[in-house]
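Worksheet: one structure, shown below.
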Amino acid sequence: MGDVLDGRESGHTTPTRPTGGRRCPIRILIVGGGCAGTAAALGLQHALAARLRNGDAEITVVEPQPYLTYHPLLAEVAAGSIDPRHVVVPLRRLLPQCRVLTARVTRIDHATRTARIDTAPRGGTGTVTELPYDHVVVAPGSVSRTDPVPGLAEHGLGFASVGEAVALRNHLLEQLDLASSTRDPELRQSALTFVFVGGGYAGVGALAELEDMARHAVRGYHNLTADDLRWVLVEATGRILPEEPADLADHTLAELRERSVDVRLGTTLESAADRLMTLSDGSRFAARTLVWTAGARPAPLLRDTDLPLDTDGRIRCLPTLQVRGPGGAPLAGAWAAGDSAAVPDTTADGALCAPNAQHALAQARLLADNLLADLDRRTPADYHPDRIHCSTSLGIGRGVAHTRRGRVTGRRAWWLHRARHLRRLPSADRRVRVLTDWLLGALFTREVVSLGAVEHPRAEFESGFPEHR
């Protein structure tokens with residue numbers, strides 16, 4: 001790992017100070033290259049440009065993937081409206097003045113201002129070393145929250161990455177092929193039943209986009225119709241879209257049910273063993289597609305730090321985005337933002353900011369300003385969240401959105417949703433590419449070809465060897 005870390009040795013120095021006529025650089029470590037980590041790095045890269053060029057500061061971003069994934073557009077990736085490559089932004093291109101390490105942080109020891117880095121970004125063990133820092137920004141995001149449901153690990157599909165979005169699209173189209181080809185009525189019904197667990201934005205957006213795509217895809221089958229498809233949304237609480245006002249959530253629920261989506265509120269998945277879905281309301285039916293979008297939990301890395309955590313496993317923060325130390329004082333040199341940070345919501349007494357992309361981006365921008373203020377011995381500002389205005393696409397020409405003036409639905413909401421996220425994409429190159437995808441989609445029919453073989457590219461080659469026949 002020494003060459004990856006540019007040959008720097010372990011050890012800790014204090015922030016920039018005179019040392020024999022030289023100035024030691026301020027070392028800023030950003031853990032995580034998601035929305036919050038990347039936005040913070042962009043802000044610091046711009047504000048510290050002169051110091052970075054002179055060697056008076058260095059910013060290191062550690063992220064297991066070499067790119068940022070823009071999660072709000074994953075549903076359109078799954079539906080084939082956007083090329084998967086266009087919702088990911090290469091971090092090295094976006095952060096040319098930062099040192100980007102494709103690796104995992106496995107431990108943070110803030111008492112000694114060091115982080116342990118493993119060069120095996122996707123698990124396993126690579127070269128492990130310690131990376132010293134003066135300031136750490138902890139923004140590793142979150143991971144899918146799973147429950148011990150029998151059969152979920154074997155048959156469930158996630159929806160938190162580009163790979164999972166593409167795999168879900170391929171899987172759904174393969175089920176249509178299977179249903180069209182089989183003469184077994186039970187297998188056919190199972191292949192045409194699609195279950196989504198979780199009624200937040202991820203689950204509702206993914207189900208609605210894929211239902212719209214599948215409705216178009218079945219036109220190419222002589223023995224399938226849209227009425228043959230069964231869509232089931234399982235939500236444990238009494239409503240969907242908890243981030244939205246009740247009237248907008250009710251409108252979305254009504255639209256889904258109008259499209260024959262079976263929405264089960266106040267219901268949980270009890271078992272998926274042998275692809276037999278058992279719900280808490282007593283229902284039992286077979287389904288070959290189970291998509292799990294039932295919330296998220298803080299990144300497991302946080303358990304391997306000496307930073308203070310709340311009961312949900314998030315880092316305790318002050319409104320300034322500084323980590324809350326003993327007695328409520330700021331913990332010097334420690335900052336956090338995004339899904340893994342428990343940031344007080346100053347607009348709601350005693351509440352914390354919800355873990356969503358809009359809060360993550362806004363917090364990260366303020367965090368960069370506050371870290372600079374701390375370096376310049378100025379007083380950091382508190383995070384005062386603006387009212388969150390969310391939106392989601394429900395398929396081509398359909399959507400729901402919340403604005404300052406109230407709710408918007410239908411085609412207007414769909415256009416607003418696309419405009420909002422096009423503006424928020426952190427790369428002009430990607431904005432142009434996504435816009436081009438949308439324009440081409442308006443000119444031509446949907447592409448509904450499954451490329452499931454891409455997920456196992458060596459399968460056909462291996463089948464040529466005797467031991468695989």
statement: Residue span residue 265 to residue 49: 0.36 nm per residue of separation minus Cα-Cα distance leaves a gain in nm of 72.6 nm
Highest to lowest packing among 86-95, 50-59, 352-361, 402-411, scored as the average C-beta count within 10 Å: 352-361, 86-95, 50-59, 402-411
- prompt: Taking the simple approach of a point 7 Å from Cα along Cα-to-Cβ for both residue 178 and residue 223, what is their distance in nm?
  reply: 1.6
- request: Enumerate the calculated ³J(HN,Hα) couplings along the range 28-43 in order (Karplus 6.51 cos²θ - 1.76 cosθ + 1.60, θ = phi - 60°), each rounded to whole Hz, writing x wherever the residue is Gly or Pro.
  value: 10, 10, 10, 9, x, x, x, 4, 5, x, 5, 4, 5, 5, 4, x
statement: Label model pair residue 449, residue 386: point-to-point distance (7 angstrom along the Cα→beta-carbon line) in nm is 4.2
task: Using only Cα atoms, tell me the angle between helix 428-443 and the longest principal axis of the chain; keep it within 0 to 90° and round to the nearest 10.
output: 10
statement: Contact order relative to length for the chain, counting C-alpha pairs under 8 Å separated by 6 or more residues, stands in percent at 17
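Can you compute the FRET efficiency between residue 303 and residue 93 using 1/(1 + (r/R0)^6), with r the Cβ-Cβ distance and R0 = 30 Å? Round to the nearest 0.05.
Approximately 0.40, to the nearest 0.05.
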task: Quick one: what are the phi-derived ³J(HN,Hα) couplings along the range 83-94, Karplus 6.51/-1.76/1.60 with θ = phi - 60°, whole Hz, x for glycine and proline?
output: 5, x, 5, 8, 9, 10, 10, x, 5, 5, 6, 6
Built amide H within the under 5 Å cut-off of residue 320, gap 5+: 383
- prompt: Hey, can you rank 135-147, 308-320 by average C-beta count inside 10 Å, highest first?
  reply: 135-147, 308-320
task: Please determine, in degrees from 0 to 90 and to the nearest 10, the orientation of helix 410-424 with respect to the longest principal axis defined by the Cα atoms of the chain, where the helix direction is its Cα long axis.
output: 30
query: What is the extension gain from residue 109 to residue 431, computed as 0.36 nm multiplied by their sequence separation minus the C-alpha to C-alpha distance, in nm to one decimal?
result: 112.1 nm
query: Can you list the residues, at least 5 places off or on another chain, whose amide H is less than 5 Å from the amide H of residue 61, using H built in the peptide plane?
result: 30, 99, 100, 101
query: In degrees between 0 and 90, to the nearest 10, how far off the longest principal axis of the chain does helix 201-217 point, with axes built from Cα atoms?
result: 40
- request: Using just the helices of the chain, give the 222 nm mean residue ellipticity in deg cm²/dmol: DSSP H runs with n ≥ 4 each add -39,500 (n - 2.57), and the total is spread over all residues, rounded to 500.
  value: -9000 deg cm²/dmol
- prompt: So which chymotrypsin sites (Phe, Trp or Tyr not before Pro) in the range 390-451 are both in a DSSP loop and have at most 15 other Cβ atoms within 10 Å of their Cβ?
  reply: 444
message: For the ranges 286-295, 72-81, what's the packing order if you count other beta-carbon atoms within 10 Å of each residue, average per peptide, and put the highest first?
response: 72-81, 286-295
- prompt: In nm, to one decimal, how far is the residue 403 label point from the residue 243 one, both placed 7 Å along Cα→Cβ?
  reply: 1.9
task: Only Cα pairs under 8 Å and at least 6 apart count here; give the relative contact order of the range 244-313 as a rounded whole percent.
output: 14
query: Between residue 145 and residue 438, what length comes free when the chain is fully extended (0.36 nm per residue of separation minus the Cα-Cα distance, one decimal in nm)?
result: 102.3 nm
field: Whole-Hz couplings from phi, Karplus 6.51/-1.76/1.60, listed for the range 137-149; x for Gly and Pro
entry: 10, 9, 9, x, x, 9, 10, 4, 8, 10, 10, x, 8
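Laboratory data are not the source of any read-out in this text; all were calculated from the coordinates shown. The shown structure was predicted, so the numbers you read here are calculated from the model rather than taken from an experiment. We place every Cβ from the backbone using ideal geometry, glycine too, and count neighbours over all the protein chains shown.
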